[in-house]
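Below is one structure; the comments refer to it alone.
The values are calculated or read from the model by the stated rules, or taken from the named source; none is laboratory data. Since the structure is predicted, the reported quantities are computational estimates derived from the model, not experimental observations. All Cβ positions, glycine included, derive from the backbone under ideal geometry; neighbour counts span all protein chains shown.
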Amino acid sequence: MVLTRTFDEKAVALQRTGRLGTYASSLGQEAVAIGVASAMRPEDVLLPSFREQGAQIWRGVALKEALLYWGGDERGSAFKEQKEDFPVCVPVGTQFPHAAGVAAAFQSRNEKRVAVAVGGDGATSKGDFYEALNVAGAWKLPAVFIINNNQWAISVPRSAQTAAETLAQKAIAAGMPGAQVDGNDVIAVRDAASRAIERARDGGGPSLVEAVSYRLSDHTTADDARRYRDEKEVSAHWKEDPVARLRTYLVSQNAWSKSDEETLIGECVQAVGAAVDEYLSAGVANVGDIFDYLYARCPPDLAHQRDEAVAFARESDDG
Amino acid sequence: MGEITLVEAVRLALARAMEEDPHVIVLGEDVGADGGVFRATEGLLQRFGNMRVRDTPLSESAIAGVCVGLAAQGFRPVGEIQFMGFIYPAVDQIVSHASRLRNRTRGRLACPMVLRAPYGGGIHAPEHHSESTEAIFAHVPGLKVVIPSSPSRAYGLLLAAIRDPDPVVFLEPKRIYRAFKEDFADDGSALDLGRCFTLREGDDLTYVTWGAMIMETLAAADDLAEDGIRAEVIDVATLKPLDADTILRSVDKTGRLVIVHEAPLTGGFGAEISARVAEGALASLLAPVRRVTGYDTVMPLPKMEHHYMPSKVRILKAARETMEYA
């Protein structure tokens with residue numbers, strides 16, 4: 001969680017100084033990402049939206065890769081260590097049907113693995129969300145759907161998003177269990193996610209977990225939440241900051257000291273700093289790459305366009 | 001006279017692909033016990049079981065999205081959209097994900113899926129059952145778009161599409177599902193994607209068409225032959241990636257081109273072919289390129305659909321005018 005926060009802070013700073021593209025911070029929602037990721041096994045598959053960098057990093061996506069992606073470089077989704085997880089999904093809610101497909105693959109192969117998709121509160125208004133839950137229920141798939149209910153879909157508050165009393169209850173329509181959990185409590189998130197994931201792994205079918213959190217940041221660096229959100233509301237939610245809550249708990253258990261904290265923060269800052277150096281020195285890929293990965297083999301028709309682009313880039317010394 | 005219809009060829013290809021590769025999975029609405037509303041999947045459930053022949057909920061976006069997930073996991077899903085008119089809820093999954101997965105992960109994940117859909121008019125079907133919107137998909141980078149026009153080509157091209165490592169939208173001209181039969185060996189031989197088929201050779205005029213329109217076009221070519229005009233007939237078969245070379249070579253030979261398609265004129269795939277010829281064979285043209293297409297109207301309901309569909313008479317008229325042009 002501390003690494004995620006350190007990463008988010010650095011990413012926003014890079015964006016503000018023109019060295020990263022638009023970035024979606026997960027400030028205040030670190031417990032959702034880490035609670036879920038820590039409940040998964042390595043062989044499970046994560047299907048994130050665009051605010052699960054904490055979960056991605058936990059599961060082996062390199063910090064440098066995450067920076068590359070948000071810096072506008074496809075190589076950032078060519079994860080070297082994490083072979084099967086899906087990349088960031090930008091079109092809201094469209095990752096849920098993929099989770100059903102991945103889960104159907106596990107079911108077809110009789111594998112005890114689980115597909116875990118994560119989306120936001122706004123995503124539960126999408127047809128794909130319901131279509132995915134419905135097919136997962138009908139086929140009893142080993143899939144778990146996590147909703148990071150951070151109360152805001154850009155400027156639309158949870159209260160205006162749906163008249164449903166909870167997002168968890170949307171599971172009922174698909175014939176699966178739905179649980180609501182305190183998304184600012186990493187231990188609670190991990191517990192709820194573990195129950196759902198192990199149930200799916202044991203053949204019990206899919207379920208939905210709504211983790212109730214709060215988006216302490218803007219939607220992205222391209223957003224200014226002061227246009228639509230009272231700052232008093234935000235400051236009130238800082239009292240639920242999941243990182244501070246975990247620290248308080250650990251200290252109360254005599255399991256955490258100031259020097260532990262200093263060491264951890266130092267390690268995180270160092271890891272992120274090293275990743276930033278790698279990212280900034282990664283250079284730009286070859287122009288041919290925009291053609292070379294579109295199909296397994298570049299069709300002759302497209303190869304002509306590739307030749308043209310490569311030649312133009314060479315002429316302009318930008319290849 | 002042959003023995004195999006186009007829809008039977010689809011079924012034979014599916015069965016053959018499933019037999020030779022356990023990763024091939026068929027899914028869609030009513031594909032199981034019902035064998036598909038056109039019977040393209042008849043008998044597959046009994047033969048391969050319900051893990052490989054999956055009836056889906058009535059949920060087109062889920063069909064396409066589940067195919068993406070299965071394909072990323074190494075399966076070769078063949079999803080069926082019951083009619084092309086119902087494909088639009090799945091377009092987000094096709095355009096935003098299936099077509100992009102390989103590229104956006106730089107090859108880490110791939111999407112070897114096929115999405116089949118019967119398309120086109122002329123069978124007096126209800127509203128939303130008769131459109132031809134292949135150009136929408138041909139516009140999308142990362143997809144392949146294939147349209148067979150005979151039983152043997154349906155068999156060979158569908159096998160190729162299933163074995164292809166990238167996503168293929170496979171549109172089946174349902175008007176000729178049972179219009180004629182062919183004989184061919186069910187031996188698992190695929191045809192190449194990305195290649196036009198020259199169905200008839202000629203020196204005077206080039207007809208370029210695809211799907212069910214090959215029926216009217218070949219009939220028109222027969223009529224022209226009676227007048228001593230030898231028309232070459234090219235079945236495009238794969239709209240994307242386009243085999244422009246075959247078309248350009250033919251136009252270089254004949255100097256006259258008539259493009260025939262059922263889809264509306266504006267932005268139809270005929271416009272792309274016409275542009276390629278303008279770019280690559282302008283000096284060979286002896287007459288302006290002509291397009292005989294559906295109109296830029298909503299597909300009429302059955303009582304008037306015959307006014308919309310390009311007829312042999314219209315196809316002939318365009319050819320004769322092209323021949324008479326200087």
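Quick notes on this one:
- Taken together, the residues in segment A:102-135 that are away from chain B (no Cβ under 12 Å) and among the polar types (S, T, N, Q) amount to 2.
- Matching residues, segment B:39-63, being surrounded by fewer than 20 Cβ atoms within 10 Å (Cβ to Cβ) and in a loop (DSSP other than H, G, I, E, B): B:Arg39, B:Glu42, B:Gly43, B:Gly49, B:Asn50, B:Met51, B:Arg52, B:Pro57, B:Leu58
- Taken over segment B:264-286, residues that are in a loop (DSSP other than H, G, I, E, B), farther than 16 Å from B:Met309 by Cα and touching a strand residue (DSSP E or B) at 6+ places or on another chain (Cβ under 8 Å) amount to 1.
- Which numbered condition A:Ala99 misses (of (1) closer than 16 Å to A:Asn148 by Cβ; (2) in a loop (DSSP other than H, G, I, E, B); (3) in contact with a strand residue (DSSP E or B) (Cβ under 6 Å, 6 or more places away or on another chain); (4) at the interface with another protein chain (Cβ under 9 Å from one of its Cβ atoms)): (2)
- Selection from segment A:175-212 of residues that are part of a loop (DSSP other than H, G, I, E, B) and crowded, with 24+ Cβ neighbours inside 10 Å: A:Met176, A:Gly183, A:Asn184, A:Pro206
- Residue count for segment A:256-298 under the criterion of being loosely packed, with under 14 Cβ neighbours inside 10 Å, in contact (Cβ under 8 Å) with a residue 12 or more places away in the chain and over 27 Å from the mean Cα position of the chain (by Cα): the result is 1.
- Verdict on A:Ala275 being closer than 30 Å to B:Asn103 by Cα, at pLDDT 95 or above and among the hydrophobic types (A, V, I, L, M, F, W, C): yes
- Search result, residues across segment B:272-297 that are of a type in the set (A, V, I, L, M, F, W, C) and over 14 Å from B:Tyr207 (Cα atoms): B:Ala275, B:Ala278, B:Ala281, B:Leu282, B:Ala283, B:Leu286
- Residue, nearest to the other protein chains (Cβ to nearest Cβ), within segment B:247-258, restricted to residues that are part of a helix (DSSP H, G or I) and either under 24 Å from B:Ser132 (Cβ atoms) or among the acidic types (Asp, Glu) (or both): B:Ile247
- Residue check, B:Glu127 of a type in the set (D, E, K, R), more than 17 Å from the chain's Cα centre (by Cα) and either more than 12 Å from chain A (Cβ to nearest Cβ) or within 30 Å of A:Asp292 (Cβ to Cβ) (or both): yes
- Evaluation of B:Ile25 against the conditions (1) more than 9 Å from every other protein chain (Cβ to nearest Cβ); (2) out of contact with any Ser or Thr (no Cβ under 6 Å at 6 or more places or on another chain); (3) not in a helix (DSSP H, G or I) shows that the sole unmet condition is (1).
- Of all residues in segment A:147-163 being loosely packed, with under 14 Cβ neighbours inside 10 Å and over 22 Å from the mean Cα position of the chain (by Cα), the one that is farthest from A:Glu233 (Cα to Cα): A:Ala163
- Given (1) outside any helix (DSSP H, G or I); (2) of a type in the set (A, V, I, L, M, F, W, C); (3) over 24 Å from A:Gly54 (Cβ atoms), index of the condition A:Ala160 fails: (1)
- Output for segment B:255-280, where each listed residue is surrounded by 23 or more Cβ atoms within 10 Å (Cβ to Cβ) and farther than 16 Å from A:Asp301 by Cα: B:Arg256, B:Leu257, B:Val258, B:Ile259, B:Val260, B:His261, B:Glu262, B:Ala263, B:Gly268, B:Gly270
- Residue in segment B:115-124 that is within 20 Å of B:Arg39 (Cβ to Cβ), within 14 Å of chain A (Cβ to nearest Cβ) and buried (at least 19 other Cβ atoms within 10 Å of the Cβ) present: yes
- Counting the residues of segment A:1-44 that are closer than 16 Å to A:Ala115 by Cα and either outside the structural domain of A:Ala117 (by TED's automatic domain parsing) or assigned to a loop (DSSP other than H, G, I, E, B) (or both) gives 7.
- Positions within segment B:292-320 being assigned to a loop (DSSP other than H, G, I, E, B) and not hydrophobic (A, V, I, L, M, F, W, C), in sequence order: B:Tyr295, B:Asp296, B:Thr297, B:Pro300, B:Pro310, B:Ser311
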